[in-house]
């Protein structure tokens, strides 16, 4: 199994985990004393959610050639 296939399978996990962390951060940001911490956690959650796409965008993981993909 290639790293690309593992990344494709883990994409849903990263999206759900990032969404939950982002919502926790935004909930914390509602309180005036924890506004900066909440926004920081929300940004961290967003980065976790988009990390599979960013890894491919920056070229750290390239997709396999088209003839090796199962049909």
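Brief remarks follow.
- Flag if residue 61 is part of a loop (DSSP other than H, G, I, E, B) and within 16 Å of the chain's Cα centre (by Cα): yes
- In segment 5-23, the qualifying residues are those that are exposed (fewer than 15 other Cβ atoms within 10 Å of the Cβ) and more than 9 Å from the chain's Cα centre (by Cα), and the one that is farthest from residue 61 (Cα to Cα) is 23.
- Evaluated against (1) in contact (Cβ under 8 Å) with a residue 12 or more places away in the chain; (2) loosely packed, with under 13 Cβ neighbours inside 10 Å, residue 55 falls short on exactly one condition, (2).
- Test: residue in segment 31-45 that is assigned to a helix (DSSP H, G or I), in contact with a helix residue (DSSP H, G or I) (Cβ under 7 Å, 6 or more places away or on another chain), touching a residue at least 24 places away in the same chain (Cβ under 8 Å) and more than 23 Å from residue 3 (Cβ to Cβ): yes
- Sole residue being assigned to a helix (DSSP H, G or I) and at pLDDT 95 or above, chosen from 17, 28, 13: 17
The values are calculated or read from the model by the stated rules, or taken from the named source; none is laboratory data. This is a predicted model, so every value here is computed, not measured. Heads up, the Cβs are rebuilt from the backbone with ideal geometry, glycines too, and the neighbour counts pull from every protein chain shown.
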